[in-house]
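Okay, structure first, notes after.
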Amino acid sequence: MNKPQNRCSLLVVSHFFGLLIGILTFAGGATGQPVTTEGIDTIAINALKAFNVPGMAVAVVKDGKVIHAKGYGVRSLNTRQPVDEKTIFGIASNSKAFTAAALGMLIEEGKLKWDTKVRDIIPEFRLYDPYVTEEFTIRDLLTHRSGLGLGAGDLMFFPDSSDFMLHDVLNNLRFLKPVSSFRSKFDYDNNMYIIAGEIVKRVSGMKWEDFVEQRIFKPLGMDRTAGSFERLPDKSNVIDGHAPVDGKVQVIRRSSSQLWLSAAGVNSNIEDLSKWIITLMAGGSYGAKGEKELFSNSVIHEMWSPQTIIPLSGPGPYNTHFSAYGLGFFLSDVNGYLQATHTGGLEGMVTQITMIPELKLGIIVLTNQQEGGAFSSVTNQIKDSYFGIKGTDRVKEYSERRNKAVKNATAITDSVWKDIGMAAKSSKTVPGLSNYIGIYRDAWLGTVNISIINGKPWFASVRSPKLTGELFYLRANTFVVKWNDRSMDADAYVMFELDETGKAQHITMKPVSPLTDFSYDFQDLYFTRHTE
């Protein structure tokens, strides 16, 4: 699952053989001295240290060939086994490109069109606005322009533990209120890719994971890739996910949800993924001499054509003039070339795939810690070498930026906990807890119980058990919930609305830290006290 940048955006949450030597001359007169294998080694090792990432795999593809494929660090802090080019990672939202390609293949077979209405295939599909419901197309599913807010509804499958199924998503989308006009604004949306996977199933007669495995992975020889972790034929060389827990990076439980496979389910390695990006940059052709075709160049054209504009704050380090989302890819211009890229983030792992098709250059970085600065710095340092950009240290630059953001976020959270400590010392300010205890229900997340356990107030979601933790009084009618699972790093304000008698009737929520992954979309919840 992707976040634009945190986890990898949950906002959003970062190996190959051979050595490229010499100076390459590109179109437009651009020249660069490509970084050597030894240079990539240095970059990757520095990134592991700077971002406290246990393991990473890095691949570079150039001119249709794998020129670097290598693992760094360890698969797991528990086993200490080394990462290599065959080590399997969850690629999270980099799965979205496979979903877009699968739909493109079905379109080429004449079974639907990019602008086929979703309700023509899934009649029970409903959104908050009846007009949007009727007008919503296959293309809209893939382009993050539904009008819903960033990560809306992600709590149905994130954090992993919930019991929500596809029919729940189809039922609950109608309760998510839009924050912008239909097709007017980019807001990253995982749930629409879940629906896109169901489109693949209903049109092809095959489950999404069967389709991508049989129609994409098998022809390309991606033998160690599967539509979910559970479907991997061999789990002898896989990573564990890692996250900081109380300041120390450690192994966390693997996400096992089957709901979001078409948005974030693929598990693969750099060896297999190199075959995928070589095929994309060859316009859908594959084989020893490109004699076979997975899909035509028209599918690539659609995937790499801007669909939803993403505003830019400035030209950035690569003189970028436009940014957009295509179908399964972020698109922009970098130093005069088209770039197609995507990130992916799940609990404990984040990834990035980047292609510059005109240079026939592809970069893959897979990591087993949820820190996006690692993949960004490695990818961009390699890009710099091909662009002839000298004197940069992206690892240092991004780690300093990250450290500053963490410092600012820590100041905010520390201040909140300081205020909580002061409130606890002043018994006069703590309200009567009996007014808050009860059962509350949200239209799409369902029931939460506010109860007293060992004299302390607790918050517990019925359908998403990881959303359980102690409530700490802050001020007025506001508490902070401290989740039991400390790897989540997503403590939240819990704000009660009272009636005229002083009894709580509603609950709203929002994250405490500005670095909270966007998939914790607490702000979309509105709980109402349940009365028999």
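With N the number of residues in region 334-427, Rg(Cα) / (2.2 N^0.38 Å) evaluates to 1.54.
Taking the Cβ of Ser332 as the center, what net charge do the other residues with Cβ under 15 Å away carry, scoring Lys and Arg +1 and Asp and Glu -1?
Values: positive: Lys383; negative: Asp333, Glu358.
Neighbourhood net charge equals -1.
First compute the accessible area of region 460-532 with a 1.4 Å probe, then give the percent of it belonging to carbon and sulfur atoms.
Working: 1490 of 3040 Å².
Using a 1.4 Å probe with all protein chains present, region 460-532 comes out at 49 percent carbon and sulfur.
Computing Rg and the Kirkwood Rh from the Cα coordinates of region 125-189 gives a ratio, Rg/Rh, of 0.96.
Ligands, DNA and RNA excluded, the heavy atoms of Glu230 present near 90 Å² of accessible surface to a 1.4 Å solvent probe. Once all protein chains are placed together, Tyr493 keeps about 40 Å² accessible to a 1.4 angstrom probe.
With all distinct Cα pairs included, what does the Kirkwood hydrodynamic radius of region 44-99 come out to in Å, to one decimal, could you say?
Values: mean 1/r = 0.0790 Å⁻¹.
Across region 44-99, the inverse of the average 1/r is 12.7 Å.
Sketch the reach of a paramagnetic label on Asp393 as a point 7 Å from Cα along Cα-to-Cβ, and name the residues of region 39-76 whose backbone nitrogen lies under 13 Å away. Zone members listed by number: 43, 46-47, 50. A probe of 1.4 angstrom, applied to the heavy atoms of all protein chains, finds Val61 with accessible area near 0 square angstrom. Ligands, DNA and RNA left out, the accessible area of region 246-376 computed with a 1.4 Å probe is 52% carbon and sulfur.
Here the chain is assigned +1 on the Cβ of each Lys and Arg and -1 on the Cβ of each Asp and Glu. Its dipole about the Cα centre then comes out at about 720 debye.
Close amide H partners of Val74, meaning residues 5 or more places away or on another chain with modelled amide H under 5 Å apart, are Gly55, Met56, Val83.
Based on the Cα gyration tensor of region 413-532, what are the three equivalent ellipsoid semi-axes, each the root of five times an eigenvalue, rounded to whole Å and given largest first?
Values: eigenvalues 77, 76, 32 Å².
Semi-axes from the Cα gyration tensor: 20, 20, 13 Å.
With only alpha-carbon atoms in the gyration tensor, what are the semi-axes of the equivalent ellipsoid for region 249-367, in Å, largest first?
Rounded to whole Å, the semi-axes are 25, 22, 14.
A Cα-only calculation for region 401-474 places Rg and Dmax at 15.6, 45 Å.
A viscosity of 0.692 mPa s and a temperature of 37 °C, combined with the Kirkwood radius over Cα pairs in Stokes-Einstein, give a translational diffusion coefficient for region 179-243 of 227 µm²/s. Residues whose amide H falls under 5 Å from that of Ser323, counting only those 5 or more places apart or on a different chain, are Ile310, with hydrogens built in the peptide plane. Accessible surface comparison of Met422, Met349, probe 1.4 Å, protein chains only, largest first: the order is Met422, Met349.
Counting only protein heavy atoms and a 1.4 Å probe, region 167-238 has 42 square angstrom of accessible area per residue. Here the Karplus curve 6.51 cos²θ - 1.76 cosθ + 1.60, taken at θ = phi - 60°, turns the phi angles of region 462-474 into couplings of 6, 8, 10, x, 5, 7, 9, x, 6, 9, 10, 5, 10 Hz, with x standing for Gly and Pro. Convex hull volume of the C-alpha atoms in region 84-162, normalised per residue: 141 Å³. Distance from the alpha carbon centroid of region 462-481 to that of region 314-351 works out to 36 angstrom.
Return the ratio Rg/(2.2 N^0.38 Å) for region 55-208, where Rg is computed over Cα atoms only.
Details: Rg = 18.8 Å, N = 154, 2.2 N^0.38 = 14.9 Å.
So the Cα radius of gyration is 1.26 times the expected 2.2 N^0.38 Å.
Only one residue of Gly55, Met495, Leu312 has its Cα farthest out toward the positive end of the dipole of the chain, where Lys and Arg carry +1 and Asp and Glu -1 on Cβ, and that residue is Gly55.
How big is the equivalent ellipsoid of region 137-276 along its three axes, where each semi-axis is √(5λ) from the Cα gyration tensor, reported in whole Å from largest to smallest?
Values: eigenvalues 146, 94, 40 Å².
That gives 27, 22, 14 Å for the three semi-axes.
As a size descriptor, the averaged projected area of the C-alpha convex hull of the chain was calculated at 25.3 nm².
Would you work out what percent of the accessible area of region 111-191, with all protein chains in place, is carbon or sulfur (probe 1.4 Å)? It would help to have the intermediate numbers written out before the result.
Details: 1630 of 3190 Å².
That share works out to 51 percent.
With the other protein chains left in place, how much accessible area per residue, in square angstrom, belongs to region 323-394 at a 1.4 angstrom probe? Before the final figure, lay out each step's value.
Numbers: 1380 Å² over 72 residues.
Spelled out: the 1.4 Å probe surface of region 323-394, per residue, equals 19 Å².
Taken over region 365-439, lysine pairs spaced eight or more positions apart, or on distinct chains, with alpha carbons under 29 Å apart number 10.
Distance between the C-alpha centers of region 246-269 and region 408-456? Whole Å please. First find each Cα centre; the distance between them is then 29 Å.
The values are calculated or read from the model by the stated rules, or taken from the named source; none is laboratory data. Just so we're clear, the structure is a prediction, and the values are computed from it rather than from any experiment. No Cβ is skipped: glycine too gets one built from the backbone with ideal geometry, and neighbour counts run over all protein chains shown. Note: accessible area is taken over every heavy atom of the protein model, side chains too, but ligands, DNA and RNA are not part of it. Shrake-Rupley method; radii C 1.70, N 1.55, O 1.52, S 1.80 Å.
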